[in-house]
1. What's the total number of residues in region 167-199 that are more than 17 Å from the chain's Cα centre (by Cα) and in a loop (DSSP other than H, G, I, E, B)?
2. Can you tell me which condition A168 does not meet? The list is (1) under 17 Å from I95 (Cα atoms); (2) surrounded by fewer than 16 Cβ atoms within 10 Å (Cβ to Cβ); (3) modelled with pLDDT of 95 or more, and all the others hold.
3. Which count do you get for residues in region 171-192 that are surrounded by 13 or more Cβ atoms within 10 Å (Cβ to Cβ) and either of a type in the set (K, R) or at pLDDT below 95 (or both)?
4. Return the residues of region 10-31 that are farther than 27 Å from S47 by Cβ, outside any loop (DSSP other than H, G, I, E, B) and either not acidic (D, E) or not assigned by TED's automatic domain parsing to the domain that holds Y55 (or both); say none if nothing qualifies.
5. Give the residues of region 267-292 that are over 30 Å from D121 (Cα atoms), touching a Lys or Arg at 6+ places or on another chain (Cβ under 7 Å) and not basic (K, R), sorted by residue number.
6. Tally time: how many residues in region 136-165 are among the aromatic types (F, W, Y) and at pLDDT below 95?
7. Could you say which residue among K195, K131 is touching a residue at least 40 places away in the same chain (Cβ under 8 Å) and surrounded by fewer than 19 Cβ atoms within 10 Å (Cβ to Cβ)?
8. Return the pair list, or none, for Cβ contacts closer than 8 Å from residues in region 235-258 that are loosely packed, with under 13 Cβ neighbours inside 10 Å to residues that are assigned to a loop (DSSP other than H, G, I, E, B) and among the polar types (S, T, N, Q), at least 6 apart or on different chains.
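The values are calculated or read from the model by the stated rules, or taken from the named source; none is laboratory data. Since this is a predicted model, take the numbers as computed values, not measurements. Note: ideal-geometry Cβ built from the backbone for every residue, glycine included; neighbour counts use all protein chains shown.
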Amino acid sequence: MNYIILDLEWNQSSTGEEEVTRVLPFEIVEMGAIKLNSAREMVGEFSELVKPQVYHEMHRITSKLIHLQMEQLEQGRPFPIVAKQFFDWCGTDYIFCTWGPLDLTELQRNLRYYGMEPLADGPFKFLDVQKLFSIAYEDKKSRRTLEHAIDYLEVEKDIPFHRAFSDAYYTAKVLALMEKEVLSHYSFDVFHIPKDKKSEIHVQFDTYAKYISCGFADKAEAMEDRTVNGTKCYLCRRNLRKKIRWFTPNGKHYYSVSYCDRHGFMKSKIRMRKSEDKMVYVVKTERFITEPEVEVIREKQKKTIEHKKFQEKAIKNGKI
């Protein structure tokens, strides 16, 4: 299997008033990629400018960031031609690797806009090298810039940043230096969410488990689903009794704590997200935590309840 390290540059509307911004907020103007073999040795490179078909003025922020002018882009080729060439270059056995998840989202929006075949009809695995850097070298939560990672790893800066090829090149350098075990922490692209219950994602990593649901009409319907609201030990597969029932401090994140006699306290966290077709879907992560961490969540629940009571009282008294 090869690693395709992809980076894109894109332009956007200068006014934000065009109707097309609803379906194509960012138009890809440059594609850059590096191909690494299974030993993570560089075996190929790809670099192409894309001729704009939608936004014919360069947004001031885009121009300042990537140092490209519209005159240069006019020398490129239309996106469908460049994209086909890119996928032919990728081959058949590969995994995408990007610095953060946004490039794959915008690639798929551009593919959809031009009526091209999607990358997949549901979620698929990729390597988020930005996340992997945090797992390998930092606190597993922070998300650093690519240049920070290059400085941290003392990689030579032999070409400028902020062009598609150069950023793919540096991302490949970071990936090549990581221990193989780190690469097991793959991510899922969910531009196309699971179509049904059978297609939902259930995966277990070394210290946590992840579940990605199919779509629901709204958050209430999602939280009524047994797979969503259920808590089962991902190690011994037993249903667990909740010590802290589901609560949400903001309507987007939901928390609960359950207890397993064999493995201890398990924290469950739900993130409510919206798909491209405006369905609600759930990303649930579960991991085992210590008793002090349980108390932190209990305190968060207490503050959430107090805040809700305060709001209800204010509404009743006509203060809100």
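1. Residues in region 167-199 being more than 17 Å from the chain's Cα centre (by Cα) and in a loop (DSSP other than H, G, I, E, B): 4 in total.
2. (2)
3. Of the residues in that region, 1 qualify.
4. Matches in region 10-31: T21, R22.
5. Residue satisfying the conditions is I289 alone.
6. So the answer is 1.
7. Being touching a residue at least 40 places away in the same chain (Cβ under 8 Å) and surrounded by fewer than 19 Cβ atoms within 10 Å (Cβ to Cβ) holds for just one of K195, K131, which is K195.
8. N239/T231
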